[in-house]
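Enquirer: Structure below; questions to follow.
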Amino acid sequence: MKVLITGGSGFIGSHIAERFHNEGNEVFVVDNLSTGKRENIPFIDDAHFYQENVQNHELLTDLVKTHQFEYIFHLAAMVSVVETVEKPVESNGDNIDSTIHLLEATRQHNTNLKKFFFASSAAIYGDLPDLPKSVEDSNVNPLSPYAVQKFAGEQYTKIYHTLYGLPTVALRFFNVYGPRQNPESDYSGVLSIINQKFLNKAPFTFFGDGKQTRDFIYIKDLLQAIWIVIEDDSTNGKVFNAGTGKQTDLITVFNAFSDYFGYEIPYSFTDARAGDIKHSYSDVSPLKDLGFRPEYDIMKGIAAYLKYNQK
Ligand code: UD2
């Protein structure tokens, strides 16, 4: 099978690429390496790797026409919320224009598509207090260009099914963590930051009191969710939450790292980040109805993450 992954050298995209590759498929990656890394996907040769911006619509259309992919994953995006606040117009191009162009190229030229997958985000729920967040019952309240753009992307993905019959699906990712997550920015996933701090024995700062909670999902559980929705025709035109349905506070996470590393690092508390939400977790019952069974609670997930690091 032929598979296209935009953003395929990023944290999540590289895991999708690896699994398809290991299962004997031909995987093509388009990634401008703005946040992804070429070394995340050493198994993809240069003939299948395009270091290009996802706004290169001509390239993407050509790829779709030439290769007639079975699966298309659209993960490439300006992923930093802060960067989208600084660059609303540019991020709109990366995050919305790219999505509709790729959907349109697929509609017009890709005749044997099994699924078009779009990566959405829990960011679209904003700071409304209801919990757990449910695709059916919760209102959305996008508070950044990033959140608006992810919501637009998933809605385009959805209507490309209802209007044109394209087999599409979108997942709203909650707080994904695991190997290859890039810890380099202040706004990287907090687990990758804590991991980095422990490795370097450097101080960690809690923004707020550390009692904020998130629905942390280990990359392997996310892959399970992705494979369930891409292989099931009943998911066409639908949007699902991708989390574990459990909330864990930051202090618990920090203490788990301390236990596994076997030493303490200095830590301090400062003001909560502007716009930070206090609590978040997902209702994943629709995914569970399709067979989703998350296997990694936070302790098991952190253990697996650290074991991978040691390799
Ligand atoms: C997630 C997404 C973000 C956006 C947002 C929308 C990730 C990695 N980020 O941000 O892209 O979708 O949801 O709601 O999935 N923290 C510290 N110290 C640090 C870094 C973080 O205390 O050095 C706190 C941070 O203030 C927050 C929590 O840790 O309360 C989680 O932070 P995060 O950036 O990993 O994830 P989140 O949910 O804020």
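Enquirer: Hey, can you tell me all the residues within segment 34-85 that are within 16 Å of the ligand (Cβ to nearest atom) and of a type outside the set (A, V, I, L, M)?
Expert: Once the filter is applied, which keeps residues that are within 16 Å of the ligand (Cβ to nearest atom) and of a type outside the set (A, V, I, L, M), segment 34-85 yields SER34, THR35, GLY36, SER80, GLU83, THR84.
Enquirer: Then there's this: Give the residues of segment 118-138 that are within 15 Å of the ligand (Cβ to nearest atom) and either assigned to a loop (DSSP other than H, G, I, E, B) or among the basic types (Lys, Arg) (or both), sorted by residue number.
Expert: Scanning segment 118-138 gives GLY126, ASP127, LEU128, PRO129, ASP130, LEU131, PRO132, LYS133, SER138.
Enquirer: I'd like the full set of residues that are open to solvent by less than 60 Å² (accessible area, probe 1.4 Å) and in contact (Cβ under 8 Å) with a residue 60 or more places away in the chain, limited to segment 14-35.
Expert: Hits for segment 14-35 are SER14, HIS15, ILE16.
Enquirer: So, one more: Within segment 141-160, can you find the residues that are open to solvent by less than 30 Å² (accessible area, probe 1.4 Å) and away from the ligand (no atom under 12 Å from the Cβ)?
Expert: Selection gives ALA152, GLY153, GLU154, THR157, TYR160.
Enquirer: For segment 248-272, enumerate the residues that are within 11 Å of the ligand (Cβ to nearest atom) and surrounded by 13 or more Cβ atoms within 10 Å (Cβ to Cβ).
Expert: THR248, ASP249, LEU250, ILE251, VAL253, PHE254, TYR267, ALA272
Enquirer: Sort out which residues of segment 186-203 are open to solvent by 10 Å² or more (accessible area, probe 1.4 Å) and near the ligand (Cβ under 9 Å from one of its atoms), and write them in order of number.
Expert: Passing the criteria: ASP186, TYR187, SER188, GLY189, VAL190, ILE193, LYS197.
Enquirer: Across segment 56-80, what is the total count of residues that are in a helix (DSSP H, G or I), open to solvent by 60 Å² or more (accessible area, probe 1.4 Å) and farther than 13 Å from PHE28 by Cα?
Expert: Of the residues in that region, 2 qualify.
Enquirer: When you scan segment 208-236, how many residues do you find that are among the small types (Gly, Ala, Ser) and open to solvent by 10 Å² or more (accessible area, probe 1.4 Å)? Show your work before the answer.
Expert: Filtering segment 208-236 down to residues among the small types (Gly, Ala, Ser) leaves 208, 210, 225, 234.
If we keep only those that are open to solvent by 10 Å² or more (accessible area, probe 1.4 Å) too, we end up with 208, 234.
Of the residues in that region, 2 qualify.
Enquirer: Return the residues of segment 277-300 that are of a type in the set (D, E, K, R) and either surrounded by fewer than 18 Cβ atoms within 10 Å (Cβ to Cβ) or within 16 Å of the ligand (Cβ to nearest atom) (or both); say none if nothing qualifies.
Expert: The first filter runs over segment 277-300 and keeps only residues of a type in the set (D, E, K, R), leaving 278, 283, 288-289, 293, 295, 297, 300.
Those that are of a type in the set (D, E, K, R) and either surrounded by fewer than 18 Cβ atoms within 10 Å (Cβ to Cβ) or within 16 Å of the ligand (Cβ to nearest atom) (or both): LYS278, LYS288, ASP289, ARG293, GLU295, ASP297, LYS300.
The values are calculated or read from the model by the stated rules, or taken from the named source; none is laboratory data. These numbers were taken from a predicted model, which means no experiment stands behind them. Here Cβ is always computed from backbone atoms with ideal geometry, including for glycine, and neighbour counts include all displayed protein chains. Note: areas computed on protein heavy atoms with side chains; ligands, DNA, RNA excluded. Shrake-Rupley method; radii C 1.70, N 1.55, O 1.52, S 1.80 Å.
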